[in-house]
Amino acid sequence: MAGGGGGDQATDFDLTALMDVLSNIIFFLMASFGAAVVAVLPTSVPTLSDSGENDTARDEEQVTVTMRLFQDGGVEISAANNDMLPEELAPYEKKIPAKDGKMDLVAVNDHLWGIKNKFRKSKNIVIVPDDKVTYELLVDAMDVSRERHMVADGKSVYPQMFPAVVVSSMVK
């Protein structure tokens with residue numbers, strides 16, 4: 001035979017090394033995608049509206065509450081409204097010190113409930129943590145501001161207080 005090679009023998013390809021490389025690449029991609037999904041913290045973010053309104057409340061039946069968190073668990077709470085004087089909002093400002101090295105959840109929830117009872121239409125709270133605030137403290141602050149545990153007719157109920165939580169930072 002002209003140009004003959006070796007006759008009737010079939011050539012076998014060894015694909016083991018190629019399959020090892022592809023399986024490692026697929027494993028790496030799956031592992032890196034899974035790690036990216038674990039680090040999600042559900043929050044809302046402020047948006048710019050076309051109507052020119054900002055996130056601060058504009059009528060006297062609602063306020064935007066700001067909660068500043070400190071590393072030791074202390075909290076400063078204030079309320080803002082563009083149509084009210086600072087003197088009218090002064091009673092709603094409060095500094096709540098840490099209790100046993102943690103946030104005083106009962107005192108914070110009680111104060112926020114008092115604000116919610118006065119300004120029933122209020123839904124927004126801006127949480128401003130210090131740089132060294134732990135993730136657990138931030139989650140506690142979000143939980144304590146969203147709802148209040150109450151007992152009505154022998155059943156536990158959880159009325160909403162400030163469901164629109166925005167996590168922000170201090171401008172330095």
Check your understanding: Out of (1) of a type outside the set (A, V, I, L, M); (2) on the phi > 0 side of the Ramachandran plot; (3) within 20 Å of the chain's Cα centre (by Cα), the odd one out for residue 154 is which?
Key -> (3)
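I want to confirm something. Restricting to region 125-171 and keeping residues that are charged (D, E, K, R) and assigned to a loop (DSSP other than H, G, I, E, B), which single residue is nearest to residue 77 (Cα to Cα)? Before the answer, list the steps.
First, the residues of region 125-171 that are charged (D, E, K, R): 130-132, 136, 140, 143, 146-148, 153, 155.
Going one step further and asking which of them are assigned to a loop (DSSP other than H, G, I, E, B), we end up with 130-132, 148, 153.
On the way: 130: 14, 131: 18, 132: 19, 148: 17, 153: 32 Å.
The selected residue is 130.
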Exercise for review: Pick out the one residue from 78, 122 that is in a loop (DSSP other than H, G, I, E, B), modelled with pLDDT of 85 or more and closer than 17 Å to residue 166 by Cα.
Suggested key: 122
Point to revise | Options 154, 101; residue that is more than 19 Å from residue 61 (Cβ to Cβ), surrounded by fewer than 13 Cβ atoms within 10 Å (Cβ to Cβ) and at pLDDT below 85 | key: 101
Exercise for review: Inspect all residues belonging to region 109-118 and state whether any of them is modelled with pLDDT of 90 or more, surrounded by fewer than 12 Cβ atoms within 10 Å (Cβ to Cβ), under 22 Å from the mean Cα position of the chain (by Cα) and of a type outside the set (Asp, Glu).
Suggested key: no
Check your understanding: In region 141-151, is there at least one residue being modelled with pLDDT of 90 or more and among the β-branched types (Val, Ile, Thr)?
Key -> yes
Check your understanding: Among the residues of region 22-40, is any modelled with pLDDT of 60 or more, over 30 Å from residue 138 (Cβ atoms) and not hydrophobic (A, V, I, L, M, F, W, C)?
Key -> yes
Study note, to complete from the structure: Over region 123-148, the set of residues buried (at least 20 other Cβ atoms within 10 Å of the Cβ) and touching a helix residue (DSSP H, G or I) at 6+ places or on another chain (Cβ under 6 Å) is 125, 127, 129, 144, 145
Point to revise | Residue count, region 81-91 (criterion: surrounded by 14 or more Cβ atoms within 10 Å (Cβ to Cβ) and either outside any helix (DSSP H, G or I) or modelled with pLDDT of 90 or more (or both)) | key: 2
Check your understanding: Which residue pairs have Cβ atoms under 9 Å apart, sit 6 or more places apart or on different chains, and have a first residue in region 78-93 that is closer than 12 Å to residue 115 by Cα and a second that is among the aromatic types (Phe, Trp, Tyr) and buried (at least 16 other Cβ atoms within 10 Å of the Cβ)?
Key -> 78/92; 79/92; 79/119; 92/119
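The values are calculated or read from the model by the stated rules, or taken from the named source; none is laboratory data. Because the structure is a prediction, the values reported are computed rather than measured. Please note: Cβ atoms are built from the backbone with ideal geometry, for glycine as well, and neighbour counts cover all protein chains shown.
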